[in-house]
Structures are given as C-alpha cells and as structure tokens.
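Below is one structure; the comments refer to it alone.
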Amino acid sequence: MGGLFNTLVRQLHLLIVLLSVWLIATSPWVSMLGRMPREPGFFDYAHVFAGLAGLFLAVVYLIDCVRGGGWRLNFPWLSSDLRVVVDDLRGLFRGRLPSAESGGLFGALGGLTLLAFLATALTGAAWWWAEGTSAAMDWRGYHLVSVRALIAMLVLHTIAVALHVLDFVRD
C-alpha cells in the first residue's frame with residue numbers, strides 16, 4: 001500500500017489541476033438540476049465520475065499534505081500562529097515575494113485551494129447522492145458556491161506560483 005500511495009501522491013497535484021480545469025471548462029455542457037437527465041450525455045456522466053474521482057484524489061492529497069507535520073506548511077492557521085502569513089502580506093506590500101516553503105501566505109493559499117477543491121467535490125457528491133430529493137437543489141447551490149470559491153482560489157494560487165517562478169528566474 002505504501003508504494004502505491006507514494007506513487008499516486010507524486011502525480012496528485014498534476015492530476016488535481018488537470019481534473020479541476022477539465023471539470024470547470026466542461027461544466028457548461030452538463031445538464032443536471034435536481035437529477036441526472038433522462039438521457040444523460042457524455043459530459044453528464046463524465047462530470048459525475050470525474051467529480052467522484054476528484055473527491056478520492058482530494059482526500060488522498062489532504063492526507064499527504066498533513067502527514068509528517070505538513071499541516072503547518074499548508075494550513076498555518078491551525079496552529080493559531082499567523083505571524084508568518086501576516087509577515088508575508090506586509091512584505092508583499094513592500095515588494096518582497098513570500099517564500100513558497102515557509103508555511104506562510106503561499107502555503108496557506110495552497111491549503112485553501114485544496115480545501116476549496118475538497119468542498120467542491122464533497123458538495124458535488126452530496127448533490128449526486130441526493131438526486132431526486134428536495135435536498136438536491138440545496139446541494140446544487142452549495143456546489144455552485146464552492147465552485148466559485150475554487151475558481152477564485154485557483155486564480156490566486158496560479159498568481160502565487162507565477163510570482164514564485166518569476167522570483168526564481170530573477171535570481
């Protein structure tokens with residue numbers, strides 16, 4: 001199990017990025033409201049199955065991000081010590097880029113992006129599970145809110161990565 005887990009984890013970030021982009025980009029062709037359509041198309045099935053795969057990947061990636069003290073880097077607010085994040089924000093306003101490995105702003109953005117992906121996957125799975133019930137539309141609403149949060153976090157995370165790469169190239 002350890003070998004399979006480690007192999008999966010090495011590819012996880014790329015898989016989650018590709019899956020997120022694909023699910024968001026193809027969502028306009030998904031035609032679900034309170035239930036699957038009578039004759040679901042390729043994008044309907046693909047969205048559900050890819051979303052369920054995303055839920056599995058998000059849980060595995062979350063486990064990887066918290067083991068061995070990794071939670072301090074990706075979720076610094078859990079230790080109630082936000083000094084590094086605040087220092088990174090102050091430095092950003094002074095023209096200094098935060099370190100990606102410090103457990104500060106960039107790590108927190110990565111952790112929040114993962115949580116937004118997990119929330120999107122969970123609410124999507126709950127919507128699918130509640131198919132045909134009155135709760136399905138509520139879960140759809142939660143799913144849409146979490147998708148918007150995920151898109152915002154993906155944009156911020158991409159900007160942070162681009163700044164980090166720019167800083168790396170500059171040095």
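Each residue in segment 100-128 was checked for being over 21 Å from residue 21 (Cβ atoms) and part of a helix (DSSP H, G or I), and 4 pass. Report, by residue number, each residue of segment 75-125 that is surrounded by fewer than 21 Cβ atoms within 10 Å (Cβ to Cβ), under 30 Å from residue 137 (Cα atoms) and over 11 Å from the mean Cα position of the chain (by Cα). Scanning segment 75-125 gives 122, 125. Among the residues of this structure, residue 97 counts as one that is part of a loop (DSSP other than H, G, I, E, B), within 22 Å of residue 73 (Cβ to Cβ) and either of a type in the set (A, V, I, L, M, F, W, C) or touching a strand residue (DSSP E or B) at 6+ places or on another chain (Cβ under 7 Å) (or both).
Output yes when any residue across segment 78-98 is under 30 Å from residue 129 (Cα atoms) and in contact (Cβ under 8 Å) with a residue 12 or more places away in the chain, and no when none is. Within segment 78-98, none of the residues are under 30 Å from residue 129 (Cα atoms) and in contact (Cβ under 8 Å) with a residue 12 or more places away in the chain.
Computed from the coordinates by the stated procedures, all read-outs in this text should not be read as laboratory data. Note that the structure is predicted; figures quoted are calculated from it, not measured. Positions of Cβ are backbone-derived with ideal geometry, glycine not excepted, and every protein chain shown enters the neighbour counts.
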